[in-house]
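> Dropping the structure in here first, questions after.
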Amino acid sequence: MSAFKKLFTDMINADGDASKLNKDLSKQSIKVFVKETSPYFLVSDSFFYVPAYFTQAALDEYKKKFSNVELTDLNEKVILISNWSLELKRVDSRAVFTSYGGVEVRLVVHSFKPQLTEALHPTRWPTNLYRDDEFKTTIQHFRHRSVQQSLASYNGGDGNIVSGKDDWHFKDGTTKVVTLGGAAKKAPAAAAAAPKVKGGASGKRANKAASKSAKKSATKAPAAKTVDKVLKFTPSKKASATNKDKKSVTVGKKATLPTPAGKKSSGNTTDKMSMQTFKQFLKAKSGKKSSTVLGKRSAPKAGKKSATK
């Protein structure tokens, strides 16, 4: 069974009162595996992991006795917590991932030392205790008990029932701990990126000139500059029209004349005779004298009879 799950469950069932826990158990040392040291210092019992919160006295003692070993060097190492305590804290579970329902059981470390010669290999990769279904159910029952206590103490004087975090009935932990890693204070991002604005008429003129230069540089992008260079070498419409009217002449060869068959159809590459050309052809034929008449047979030669009726 997980030692952390047993300790933290007893703390929740005691409504956050550490004095109700087994005193013999609280005097024992805890040997834990350091899952990671940054951005949070997480320790594990080979089943679940929880954050370790160090007091300033614990860190000062560690630096004095083990100055050659940094806290970050304890990653995936074993440490022995000889003095510790448990506290229940109200937190924002949206910001603290090692919490559930707005509460967190804190493991406060008062004294510890590294066990560098020992190697602990967990049988399974530890998971977040606050994602365990049984432990979450324990917190939900605690929440239900707190609401019942609030309803029992309600006298109906003003017609309002206390709601929110005030529904919790436990003594909030007050031990001061040192913030490590990811919980450090964040610098305001807006102040670093704040734009500088100059006042007065000169400042307005400078800003106006800067905006014009920015627009001009944005208009003349590298692609636009390339297009401008290409357009300089593009022939004008007048020059292209003049070149279009000129006929190509091949030196040393006879010029190719258009065929008398008429216009070519733009829709097909094969020469076709239009109706107008066909009529001109018939008119030209009718104007020539020919011994052959269309539609009539030629006269038979003398001395022979025609076999045709």
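> Output yes when any residue across segment 87-97 is within 15 Å of Phe4 (Cα to Cα) and either in contact with a Ser or Thr (Cβ under 8 Å, 6 or more places away or on another chain) or surrounded by 15 or more Cβ atoms within 10 Å (Cβ to Cβ) (or both), and no when none is.
yes
> Then there's this: Just checking, how many residues over segment 93-129 are touching a helix residue (DSSP H, G or I) at 6+ places or on another chain (Cβ under 7 Å) and of a type in the set (Ser, Thr, Tyr)?
The number of residues fulfilling the criteria is 4.
> For Thr98, indicate whether it is within 38 Å of the chain's Cα centre (by Cα) and part of a helix (DSSP H, G or I).
When the stated conditions are applied, Thr98 does not pass them.
> Ok, one more. Quick check, is Val50 touching a helix residue (DSSP H, G or I) at 6+ places or on another chain (Cβ under 9 Å) and among the β-branched types (Val, Ile, Thr)?
The answer is yes for Val50.
> Please work out which residue is farthest from Leu42 (Cα to Cα), limiting yourself to segment 120-136 and to residues that are hydrophobic (A, V, I, L, M, F, W, C) and out of contact with any strand residue (DSSP E or B) (no Cβ under 7 Å at 6 or more places or on another chain).
Selected residue: Phe135.
> Moving on. Tell me which residues, restricted to segment 53-78, are under 18 Å from Trp125 (Cα atoms) and hydrophobic (A, V, I, L, M, F, W, C).
Leu74, Val78
> Residues to consider are Ser46, Ser67; find the one that is buried (at least 16 other Cβ atoms within 10 Å of the Cβ) and part of a loop (DSSP other than H, G, I, E, B).
Ser46
> So, Pro126, is that one closer than 14 Å to Lys31 by Cβ, surrounded by 14 or more Cβ atoms within 10 Å (Cβ to Cβ) and modelled with pLDDT of 80 or more or not?
No: the conditions fail for Pro126.
> Suppose we filter Ala52, Ala18 for residues that are surrounded by 14 or more Cβ atoms within 10 Å (Cβ to Cβ) and at pLDDT 95 or above; which single one remains?
Step by step, each of Ala52, Ala18 is checked, and only Ala52 is surrounded by 14 or more Cβ atoms within 10 Å (Cβ to Cβ) and at pLDDT 95 or above.
> Which ones in segment 101-143 are under 12 Å from Lys5 (Cβ atoms) and in a loop (DSSP other than H, G, I, E, B)?
Within segment 101-143, Pro126, Asp132 meet the criteria.
> Of these, Val103, Val109, which one is at pLDDT 95 or above and surrounded by 16 or more Cβ atoms within 10 Å (Cβ to Cβ)?
Val109
> Related question: Evaluate the following for Leu59: is it at pLDDT below 90 and either assigned to a helix (DSSP H, G or I) or among the polar types (S, T, N, Q) (or both)?
For Leu59, the condition - at pLDDT below 90 and either assigned to a helix (DSSP H, G or I) or among the polar types (S, T, N, Q) (or both) - is not met.
The values are calculated or read from the model by the stated rules, or taken from the named source; none is laboratory data. Remember, predicted model here, so these are calculated numbers, not experimental data. Glycine gets a Cβ as well: all are built from the backbone with ideal geometry, and neighbour counts include every protein chain shown.
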